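Peer 1: Once you've had a glance at the structure underneath, I'll fire off some questions.
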Amino acid sequence: MLNKEESKQARLEFWQRLTSKTRRLPGQKGRKRFWIFENTGIKGLDLRFDVDREKARVALEINSNNEDRRLMLFEKLEAAKSVFEAAFGEPLIWDFAYEKPTGESVCRVYVETPGDILNESLWPDMLFFLIDRMIKMEAAFLEVKDYMQANINE
C-alpha cells in the first residue's frame with residue numbers, strides 16, 4: 001500500500017512515461033507527438049486520457065457548461081455514430097450523462113480497459129492501450145469533424 005506521497009509520485013511517473021512514449025510514435029522521427037485534444041477546433045469538445053485505480057479510458061468528451069449545447073453536440077455526434085465507430089474500428093461506449101469524479105456531468109464516447117495507475121506492472125499494457133486507442137479516436141473524430149463543426153452556432 002502506497003502512502004499519499006508515493007501515490008502522487010507513481011501517478012506523476014505514469015503520465016511522464018505516457019508523454020515519453022508519445023514522443024516516439026512511428027512516423028514522428030523523434031518529434032514530439034501533439035494530440036489533437038490540445039485543440040479540436042470545437043469549443044467544449046476534447047479528446048482525453050483518463051486513468052484511475054480501476055480503468056484506463058480514451059474518450060471524446062463534450063464538456064460545455066451550457067447543457068443545451070452539450071446535448072446538441074452529443075446528438076449530432078450520435079447521428080454520425082456508424083461513421084465514427086467504423087473509423088474507430090470497434091464499438092464504443094456512448095454516455096450522454098457521464099459523471100466525472102468531481103461530480104461534473106459531461107457527455108462521453110469512450111473505450112476502456114481494466115487497469116490501475118498505481119500498479120506499475122500493468123503500465124506497459126495500459127500505455128499501449130491508451131496510445132493505440134487515442135490514435136484511433138483522433139482518426140474517428142477527424143472523419144466527423146467537418147460535420148460536427150457545421151451549423152453548431154445556429
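The values are calculated or read from the model by the stated rules, or taken from the named source; none is laboratory data. Here the structure is a predicted model, which is why all the values come from computation and not from measurement. Cβ atoms come from the backbone with ideal geometry, glycine included; neighbour counts cover every protein chain shown.
Peer 1: Quick one: how many residues across region 130-154 are assigned to a helix (DSSP H, G or I) and of a type in the set (S, T, N, Q)?
Peer 2: Count: 1.
Peer 1: Considering only residues that are under 15 Å from V58 (Cα atoms) and assigned to a loop (DSSP other than H, G, I, E, B), which ones fall in region 100-129?
Peer 2: Within region 100-129, K100, G115, D116, I117 qualify.
Peer 1: Look through region 113-124, keep the residues that are touching a strand residue (DSSP E or B) at 6+ places or on another chain (Cβ under 8 Å) and not aliphatic (A, V, I, L, M), and return whichever of them is nearest to T40 (Cα to Cα).
Peer 2: T113
Peer 1: Right, here's the next one. If I filter region 1-31 down to residues being surrounded by 10 or more Cβ atoms within 10 Å (Cβ to Cβ) and polar (S, T, N, Q), which single residue comes out as modelled with the highest pLDDT?
Peer 2: Residues of region 1-31 that are surrounded by 10 or more Cβ atoms within 10 Å (Cβ to Cβ), as a first pass: 2, 6-25, 28, 31.
Retained after the next criterion (residues that are polar (S, T, N, Q)): 7, 9, 16, 19-20, 22, 28.
Working: S7: 91, Q9: 95, Q16: 91, T19: 84, S20: 82, T22: 74, Q28: 52.
Of everything passing the filter in region 1-31, Q9 is modelled with the highest pLDDT.
Peer 1: Also, quick follow-up: Considering only region 47-86, how many residues are within 17 Å of I131 (Cβ to Cβ) and without any contact (Cβ under 8 Å) to a residue 60 or more places away in the chain?
Peer 2: Qualifying residue count for the region: 2.
Peer 1: Tell me which residues, restricted to region 81-94, are of a type in the set (A, V, I, L, M) and buried (at least 16 other Cβ atoms within 10 Å of the Cβ).
Peer 2: The initial filter retains those residues of region 81-94 that are of a type in the set (A, V, I, L, M), namely 83, 86-87, 92-93.
Matches in region 81-94: A87, L92.
Peer 1: Taking the conditions exactly as written (within 23 Å of R11 (Cα to Cα), out of contact with any Leu (no Cβ under 8 Å at 6 or more places or on another chain), surrounded by fewer than 15 Cβ atoms within 10 Å (Cβ to Cβ) and among the hydroxyl-bearing types (S, T, Y)), does T102 satisfy them or not?
Peer 2: The answer is yes for T102.
Peer 1: Of the residues in region 111-129, how many are aliphatic (A, V, I, L, M), closer than 20 Å to Q9 by Cα and touching a residue at least 24 places away in the same chain (Cβ under 8 Å)?
Peer 2: 4
Peer 1: If A97 satisfies every condition in (1) crowded, with 17+ Cβ neighbours inside 10 Å; (2) among the aliphatic types (A, V, I, L, M); (3) not in a helix (DSSP H, G or I) but one, which is the exception?
Peer 2: With (1) crowded, with 17+ Cβ neighbours inside 10 Å; (2) among the aliphatic types (A, V, I, L, M); (3) not in a helix (DSSP H, G or I) applied to A97, the lone miss is (1).
Peer 1: Here's something else I'd like to know. Restricting the search to region 61-87, which residues are part of a helix (DSSP H, G or I), more than 15 Å from Y147 (Cα to Cα) and in contact with an Asp or Glu (Cβ under 9 Å, 6 or more places away or on another chain)?
Peer 2: Hit for region 61-87 is A86, nothing else.
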